[in-house]
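Q: Take a look at this one; I'll ask things after.
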Amino acid sequence: MSINFEMGNSQSPKGHAILYFGSLASGFSATYVVLLPIKMDMSKYLPPLMTAQLGSEANDLLMGGTDVFAVPPVPEEVTSEEYLKYLAEIRGDDLVWGGEINLAHPQVAMQSTSEAVQEYNALFRSFLATRSEPLDSNNSLEGALSEDSVQGVLYEFMNERDRLAEMSKLVGTMRFALESNDLSLIKETDASLGILTNTFDESFWGGRIRLAAQDPSELASKLVQMYVERCYFLLDNNFTGLEEIEKQISLMGGDLPPNQDMRA
């Protein structure tokens, strides 16, 4: 495979690009390529649920190495080539064409995407090697993605139902950590809950879920489970179930907003 730079310069890639495939006849699809400014083991920050969904092979292709990946791993259809050029211009991205791709076979499309990503990565590494002061991957760089921001990005790629399942798992992990007095696990799980709850609208009561999860009491344990159950009612627009569980929460002493409703 040989990629072509429609915008940008193959001699000095920017390290972030819109990678697209197809033609006017077949239509276009695209993905976004990111080369992280520091090396990290991305697999450490993948939620278990997402890892299980992708599978080991797909996960390897998603990562494309320890510091380069394409999101989504299989290109998504886009409206036009002109739209991609517009996006690349206003965002300051490289725009790279990878040739034709067969979206009817996701595994083949994923492999073609991975090959194009690796070619872009190789061009970027060659460019870095020509610089008078090459970057040291062991040093912290200004603007580098933090561990928290990486985890937050990964959560954003999950749909709401999958994020709720991940929240339920983290609540269970926090309960185990509290019962075993595992301070390290408590801190790690609370941080993950904080990042995850921030991806939801405040109508899901993420702050209360996090606070209740930190409380080792039996009452808090029951409340946090009801808070999570309430989220599913909210997601499914089951307002009858939502009203009933809010009444139960109120009877148990769980605080509700002043207007008794955060659905709006």
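The values are calculated or read from the model by the stated rules, or taken from the named source; none is laboratory data. No experiment lies behind these values; they were computed from the predicted model shown. Methodologically, a virtual Cβ is constructed for each residue, glycine included, from the backbone with ideal geometry; neighbour enumeration extends over all protein chains shown.
Q: Could you tell me how many of the residues in the stretch 194-245 are under 23 Å from ASP182 (Cα atoms) and either of a type in the set (Lys, Arg) or outside the structural domain of VAL171 (by TED's automatic domain parsing) (or both)?
A: Count: 3.
Q: Right, something else. Can you confirm whether the stretch 183-192 contains a residue that is in a helix (DSSP H, G or I) and under 15 Å from the mean Cα position of the chain (by Cα)?
A: yes
Q: Right, THR79: crowded, with 20+ Cβ neighbours inside 10 Å, modelled with pLDDT of 85 or more and not aliphatic (A, V, I, L, M) or not?
A: So THR79 does not fit the description; no.
Q: Another question, if that's okay. Given the criterion modelled with pLDDT under 90, in a helix (DSSP H, G or I) and not polar (S, T, N, Q), identify the matching residue among LEU196, LEU154, LEU211.
A: Step by step, each of LEU196, LEU154, LEU211 is checked, and only LEU154 is modelled with pLDDT under 90, in a helix (DSSP H, G or I) and not polar (S, T, N, Q).
Q: Do you know which residues across the stretch 89-108 are closer than 15 Å to PHE28 by Cα and either in contact (Cβ under 8 Å) with a residue 60 or more places away in the chain or among the acidic types (Asp, Glu) (or both)?
A: The answer is LEU95, VAL96, TRP97, GLY98, GLY99, GLU100, ILE101, LEU103.
Q: Take LEU223 and decide whether it is within 27 Å of PRO72 (Cβ to Cβ), of a type outside the set (Ser, Thr, Tyr) and surrounded by 12 or more Cβ atoms within 10 Å (Cβ to Cβ).
A: no
Q: Sticking with this one: If only one of THR240, THR189 is over 30 Å from VAL74 (Cβ atoms) and loosely packed, with under 12 Cβ neighbours inside 10 Å, which one is it?
A: After applying the criteria, what remains is THR240.
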